[in-house]
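No value in this document is a laboratory result; all are computed from the given coordinates. Since we're looking at a predicted model, the values are computed, not measured. Reconstructed Cβ throughout: ideal geometry from the backbone, glycine too, with neighbour counts over all protein chains shown.
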Amino acid sequence: MSRTVIPLQVPDLSGFARQLRRTLADHLAQHAQLPGHQTLLNHIARAAGHRNLQALSASSPRIGRVPAVAVAPQALALSAAAAKALSSFDAWGRMSRWPHKHSVQRLALWVLWMQFESRRVYSEREVNAVLKAWHTWGDHVTLRRELINDRLLTRKSDGSQYRKLPARASDEARALMAAWRARLDEAPGSAPGASSVPAPRGRSAPQRVTR
């Protein structure tokens, strides 16, 4: 994608500003709204002493078209709490311990939330299978309860159906999830002892190592 550069030289900045202000005031009086982009460019050209934008373009030296600069998005920095939450997961992305601090627990739950599919209805057994696959310290019941308490999952009162809720993650939680994905991409091969692990979306599941 590219754009045409039209240079503008103004010999008297104060006079240019006064003329542009009068032109904009007249436009507002006639139309009761600010001018659109093209109209505004014409007003600027006239305030600089040209008939319109086309005349300004014709009198300007040719610079040609230049490529638009693409700005890469900056990675979110991990907060201290998010870094502690990340440290509770092993190299294969599994939660290896339950954090002590409540704020760190809340962040760590977002990684487990990622493992569930949107708009899918789960049985309790299926929820348990996902949680057992993505933690190693043997208390999927606590994780299931905390996900519901934090409104990351919801369930029917009889426990027959579970669904992932479309929650909005904070910047802190999004930074943690991005760091978790990056760690999983660099995982050293298969997770030891993993069996029938449901893969997170877009990832390959850790495989059992035969001993």
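Would you kindly work out the equivalent ellipsoid of the stretch 98-180 from its C-alpha gyration tensor and give its semi-axes, the square roots of five times the eigenvalues, largest first in whole Å? List each step's numbers first, then the result.
Numbers: eigenvalues 80, 44, 27 Å².
Ellipsoid semi-axes (Å, largest first): 20, 15, 12.
Cβ neighbours within 10 Å, averaged per peptide: list 108-121, 45-58 in order, most packed at the top. Can you show the working numbers first?
On the way: 108-121: 17.6, 45-58: 15.7.
Highest to lowest by the protection proxy: 108-121, 45-58.
Under a point spin-label approximation (7 Å from Cα along Cα-to-Cβ), what is the N149-D90 distance to one decimal in nm?
2.6
Which of H37, H135, H27 comes first, and how do the rest follow, when ranked by fewest Cβ neighbours within 10 Å? Walk me through the numbers before you get to the answer.
On the way: H37 6, H135 23, H27 16.
Listing H37, H135, H27 from fewest to most nearby Cβ atoms yields H37, H27, H135.
Report ³J(HN,Hα) in whole Hz for each residue of the stretch 162-172, in order, from the Karplus equation J = 6.51 cos²θ - 1.76 cosθ + 1.60 where θ = phi - 60°; Gly and Pro get x.
Result, rounded to whole Hz: 10, 9, 7, 8, x, 6, 9, 7, 6, 4, 5.
Could you list which residues have their amide H under 5 Å from that of L153, counting only those 5 or more apart in sequence or on another chain, with H placed in the peptide plane?
Result for L153 returns I148, L165.
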